[in-house]
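The values are calculated or read from the model by the stated rules, or taken from the named source; none is laboratory data. Being a predicted model, the structure only gives us computed values, none of them experimental. Methodologically, a virtual Cβ is constructed for each residue, glycine included, from the backbone with ideal geometry; neighbour enumeration extends over all protein chains shown. Heads up: the accessible areas ignore ligands, DNA and RNA and are worked out on the full protein's heavy atoms, side chains in. Shrake-Rupley method; radii C 1.70, N 1.55, O 1.52, S 1.80 Å.
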Amino acid sequence: MVLPALDSPGWRHTTTTFLLGVRAVGSTILTLVLFATYLGIGALAHDSNFSMGWALAGTLFVWAGPAQIILISTLGTGGTAVQAAIAVTLSAIRLFPMVVAVLPMIRTPQTPLRKLVLPAHFIAVTMWIECSRMLPAVPREQRLAFANGLGVGLVSVCLVATAAGYVLSANLPELLAAGILLLTPLAFLFSTARNSRQLVDRLALLLGLALFPIMSMLHTGVDILLSGLTAGTLAYGVHWWREQR
Amino acid sequence: MSGFIGDWHVLLILLLAGILPNEIWRVFGLLFGRGIDEGSELLVWVRASATAILAGVIRACWPVFPMPCVTARRQRDSGLFWPRDSRFWPGLCAAKRS
């Protein structure tokens, strides 16, 4: 999808910008990846005897794939709500740096906090990757509307996928499910790599990939967080050292 | 309609065990990220950490290499990042067997 030039009149109206954001959903491979993941989540919810309304509410209000899988599988296998809540909140810590990184791209000095609540809710891995990719081509004062359009579009696709997966339930062929499993991390890897233009981001990606297996030997239960923070800090250290020279 | 929504107890659990513990980190990001300038050094570090955390997630759920397989299985068993229901991840099960 080709966005209008930064000074084009196409950016003048908030509604048009919002619709451009919705349309942008069709321009990323990650939409397909999300669709596949949420087909699986819908099917999992059905097999664990949750209602379709419950599954859809989960997609709309939790809006984080891993958290939903954890919640459904923990509750579905007889885990307590407290166990589920702890596992969900551990998996959700990663959203914090993403929100902190995305919101400064969206807001202007005049944007009130309440207008950032909705885009903050939409932020998950896909939104973070796509905002980093697309927002630089959007005029700053229109970025909020664009991000909201993008978020509404992505959530809508995933609501349809959740319902479809729920109806298809356990009828997903095994090969397809295995394909989904491979596709999701690969797509995220390639999108992140493509978006990493600065040395510090590339380094963080490489160090993160390399450090995680080492860190996971510590069996802390928060391996992903620990390895991520360590790799991110190391990458930043290299960036800082280069700046100083 | 009650069949579509289901039991309200279960909806309450969705709110308490799913929505709130997840959303709280976005709210923290919203509140604490306010004063940060887009070009600031702090944000460079935050972005690098977010990238590296994602790299860890990618590594953990990659069934191709033997090492993440072990960790993914362990995480699945602890219920942290993976469903305990192995039907959901036939690819992972196949990788486990090989």
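Enter the mean number of other protein chain beta carbons within 10 Å of the beta carbon of each residue in A:34-46, as an integer.
On the way: counts 0, 0, 0, 0, 0, 0, 3, 2, 0, 2, 4, 0, 0.
Other-chain Cβ atoms within 10 Å of each residue's Cβ, averaged: 1.
Of A:224, A:209, A:9, which is farthest towards the positive pole of chain A's charge dipole, taken about the Cα centre with +1 and -1 on the beta-carbons of Lys, Arg and Asp, Glu respectively?
It is A:9.
Just to be sure I understand the rule: take each whole DSSP H helix in chain A, project its Cα atoms onto its long axis, keep it if the span is 27 Å or more and its mean Kyte-Doolittle hydropathy is at least -0.5. Which ones pass?
A:29-47, A:143-168, A:174-195, A:223-244
Of the listed peptides A:68-77, B:51-60, what is their order by residue-averaged count of other C-beta atoms within 10 Å, with the highest listed first?
Details: A:68-77: 24.1, B:51-60: 27.3.
The densest-packed peptide leads the list: B:51-60, A:68-77.
Computed over the Cα atoms of segment A:13-195, what is the ratio Rg over Rh, Rh following Kirkwood? All intermediate terms of the calculation are to be shown ahead of the outcome.
Working: Rg = 16.7 Å, Rh = 17.0 Å.
Rg/Rh: 0.98.
If you roll a 1.4 angstrom probe over the protein chains with everything in place, what fraction of the accessible area of segment A:198-245 belongs to carbon and sulfur, to the nearest %?
On the way: 1830 of 2690 Å².
Here carbon and sulfur together make up 68 percent of the probe-accessible area.
So, with +1 on the Cβ of K and R and -1 on the Cβ of D and E, and no other charges, what is the size of the charge dipole of chain A about its Cα centre, to the nearest 20 debye? Write down the numbers at each step before the final one.
Details: 14 positive and 8 negative charges, 160 e Å.
I would put it at about 760 debye.
Counting only heavy atoms of the protein chains, get the accessible area per residue of chain A (1.4 Å probe) and round it to a whole Å² value.
Numbers: 10410 Å² over 245 residues.
The answer is 42 Å² per residue.
Pick out which of A:196, A:156, A:27 has the largest mean-square fluctuation in a Gaussian network model of chain A, springs linking Cα atoms closer than 10 Å.
A:27
What does the buried accessible surface come to for B and A, summed over both chains, with the probe at 1.4 Å? Round to 100 Å². Kindly include the intermediate steps, with their values, before the conclusion.
Working: alone 8280 and 13730 Å², together 15120 Å².
By this definition, chains B and A bury close to 6900 Å².
Using only Cα atoms, what Kirkwood radius does segment A:198-245 have, in angstroms?
On the way: mean 1/r = 0.0918 Å⁻¹.
Every distinct Cα pair counted, the radius reaches 10.9 Å.
What FRET efficiency comes out for the pair residue B:41/residue B:15, r = Cβ-Cβ distance, R0 = 41 Å, nearest 0.05?
Working: r = 38 Å, r/R0 = 0.93.
That gives a FRET efficiency of 0.60.
For chain A, set up a GNM with springs between Cα atoms under 10 Å and report which of A:100, A:157, A:88 has the largest fluctuation.
Top of the fluctuation ranking is A:100.
So what is the relative contact order of chain A, in percent, for Cα pairs below 8 Å that sit 6 or more residues apart? All intermediate terms of the calculation are to be shown ahead of the outcome.
Numbers: 270 pairs, mean separation 71.6, N = 245.
Dividing the mean separation by the residue count of chain A yields 29 percent.
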